[in-house]
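Below is one structure, written out as structure tokens, with a few remarks after it.
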Amino acid sequence: MRFGTIGGTNRTGTVGLADVLPLLRPANDKWILALSSPYAAGFVTLSGLDGRPKSQQWSSRMSNRRTGLILDFGGVLTTPLLPAVLAFEQREGLPQGACLTALYKDDAGVRITSDLERGAVSQTEWNEFAGKMLGVSPDNLMGRIFGDLRPEPLLIDAAAAARRAGIKVGILSNSVGLAPWDLYQGYELEKLYDVVVISEQHLMRKPDPNLFEITLKLMDLPAEECIFVDDTEAYVQAAEQLGLAGVHNQDPKQTVTTLSELLGVDLTAS
């Protein structure tokens, strides 16, 4: 889970929060959706295309129907992370980009966030570090940063439709710590999904291939039968290297359309 990355037509990188994203156009095998919000524009990439017309590729995939769907959590089953971070910065009187600069461009910030995802440090320790870096109170800092996140109904409903169609659905999420603030509270993951893998519980983080292998083992499916969806392109690429089909999510509606085509199931059906 990364709140500061978004795709452009030729590259994926860290968003300049002070910049207004330009209107985007279709490029190669990327579907680009221009939205009114400067930080919400993005695209969905259907990865692993082989050069044939898309209709032929989808037909081929549907004839060899996949039976597993693995979803990231933050930024996939929730609303986008970046708007929540921007809102936090505004509430705290911080300049736009303060969180990215302090936590994702600073070497120490990158290290401790990676340690948090692996369960090597606690959320409380991360809150203390980040509070000093940002010059704000550390009290429930993670919860304050992501307090505006909400469930993403299109993908939650699509996951439920996939399970009704007999497809196994799993969650593979890089943790932000589970206490004092629990990102997953209220989502009923253990009830609504077949497999739930939270990185800190396995002492590793995406894109570690071993974490994907653990997820596949729990799903009891080979990589070739699974699709992986994430809002971070590097994690999608890591999954593809193991043989999973990858979908880079930036627009939930397009992601659901793409998954419906890949799975051969109408995931918009109620």
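The figures follow:
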read-out: Under 13 Å, Cβ to Cβ, from residue 119 - net charge with Lys/Arg +1 and Asp/Glu -1; value: -3
read-out: Added length on full extension, which subtracts the Cα-Cα distance from 0.36 nm per residue, residue 160 to residue 178; value: 4.0 nm
read-out: Distance histogram for the range 117-270 (every C-alpha pair counted, 10 angstrom bins, percent rounded to whole numbers); value: 10, 36, 36, 15, 4, 0
read-out: By accessible area with a 1.4 Å probe, ligands and nucleic acids excluded, highest first: order of 242, 216; value: 242, 216
read-out: Dipole magnitude of the range 130-270 about its Cα centre (Cβ charges: Lys, Arg +1; Asp, Glu -1), debye to nearest 20; value: 300
read-out: Projected label distance in nm at residue 241 and residue 111, using a 7 Å step from Cα toward the beta-carbon; value: 2.3
read-out: Euclidean distance of C-alpha centroids, the range 211-270 and the range 97-114, integer Å; value: 28
read-out: Dipole axis of the range 183-270 (+1 Lys, Arg; -1 Asp, Glu on Cβ), positive-most option in 221, 195, 254; value: 195
read-out: Leading residue at positive end of dipole, the range 85-186 (Cβ point charges), from 95, 137, 173; value: 173
read-out: Histogram of C-alpha separations across the range 74-157, 10 Å bin width, %; value: 18, 47, 29, 5
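The values are calculated or read from the model by the stated rules, or taken from the named source; none is laboratory data. Every value quoted in this text rests on a predicted model; they were computed, and no experiment measured them. Glycine also receives a Cβ, built like all others from the backbone with ideal geometry; neighbour counts cover every protein chain displayed. These area figures cover heavy atoms from the full protein model, side chains too; ligands, DNA and RNA do not enter into them. Shrake-Rupley method; radii C 1.70, N 1.55, O 1.52, S 1.80 Å.
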